[in-house]
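Coordinate-derived values only; no laboratory data. From a predicted model like this one, the values you see are computed outputs, not experimental measurements. Cβ: placed from backbone, ideal geometry, glycine included. Neighbour counts: every protein chain shown.
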Amino acid sequence: MERDADSYRPLARALHWATAALIALQFAFGLIMVHDAPEPNLWATLAERFQLYDSHKVLGIALFALVLVRLANRAISGAPGALPEVPAWQRAAATLGHVALYLLLVAVPLLGWLGISLYPALQVFGTASLPSLAAPDRAASETVLFWHGIAAFALVGLALGHAGAALHHHFVRRDRTLRRMLGR
Ligand code: HEM
Ligand code: HEM
């Protein structure tokens with residue numbers, strides 16, 4: 001359902017910015033925890049002190065749940081169409097970009113979760129165990145986690161391009177695109 005060219009609703013805005021903040025955190029955690037250098041080094045110390053592997057798994061699954069809520073809200077409440085002055089090819093590019101972002105928002109955490117199920121490395125913080133998505137298979141886990149990393153880079157690359165487009169609307173074209181997502 002397409003709504004008029006008015007603002008995004010408060011729930012859609014909250015979910016958008018919460019997702020963006022969590023992706024930034026998850027990406028940083030992921031990079032720090034896989035950083036490979038002779039120990040001791042700052043990254044290894046940080047990873048150990050903040051139990052980054054376990055935090056990354058739990059936060060990643062929480063983010064996956066948040067994305068499902070966001071998609072349900074999008075399906076129920078729709079979103080405002082692009083501003084009328086935006087040319088057709090840019091509308092098409094934006095729609096394509098948004099679909100790709102949603103696909104990656106689902107694929108990245110699912111690949112991570114599938115990877116730790118196959119490994120298996122489901123225990124977190126020494127006590128709790130996350131639900132498994134598949135029977136153990138170490139070789140498959142390595143392939144899946146490799147693609148998890150690639151997909152995470154694709155997601156963040158696309159999100160940076162997307163943020164660049166939003167800033168271009170705001171500072172160069174000076175239209176309401178970004179303000180509609182900020183709620184002003
Ligand atoms: C959208 C959410 C997520 C993002 C943006 C993300 C991002 C990343 C990044 C950037 C890396 C480093 C990849 C590399 O350079 O090799 C990584 C590694 C990893 N992630 Fe995620 N991740 C997310 C969700 C998850 C989830 C839900 C799980 C599991 C429940 C998970 C499990 C892992 C594991 C086990 C690794 C280490 C892989 C290895 O040791 O090679 N991630 N993640
Ligand atoms: C990981 C980070 C991000 C992700 C995954 C993401 C994802 C998305 C998605 C999927 C939409 C489409 C919403 C819909 O209509 O259903 C959207 C809209 C939007 N995002 Fe982001 N976003 C991110 C970061 C940002 C940042 C940093 C900015 C600003 C600098 C931004 C500005 C916007 C704006 C202005 C819209 C509305 C676009 C329009 O009216 O057509 N986003 N975002």
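What 222 nm value per residue comes from the helices of the chain, counting each DSSP H run with n ≥ 4 as -39,500 (n - 2.57) and dividing by all residues, nearest 500 deg cm²/dmol? That calculation yields -24500 deg cm²/dmol at 222 nm.
Given a cut-off of under 8 Å on Cα pairs at least six residues apart, what relative contact order in percent is computed for the chain? Display every interim value, and only then the final one.
Numbers: 171 pairs, mean separation 49.7, N = 184.
Relative contact order, the chain: 27 percent.
From the alpha carbon centroid of the stretch 87-131 to that of the stretch 1-53 is 12 Å.
Peptide packing for 131-138, 101-108, 175-182 was compared via the average number of neighbouring C-beta atoms within 10 Å per residue; ordered from the highest value, the list is 101-108, 175-182, 131-138.
So, counting K/R as plus one and D/E as minus one, what does the shell of residues with Cβ under 15 Å around Leu145 add up to? Could you put the intermediate results ahead of the total?
Working: positive: Lys57, Arg138; negative: Asp36, Asp137, Glu142.
That sum, taken over residues with Cβ under 15 Å, equals -1.
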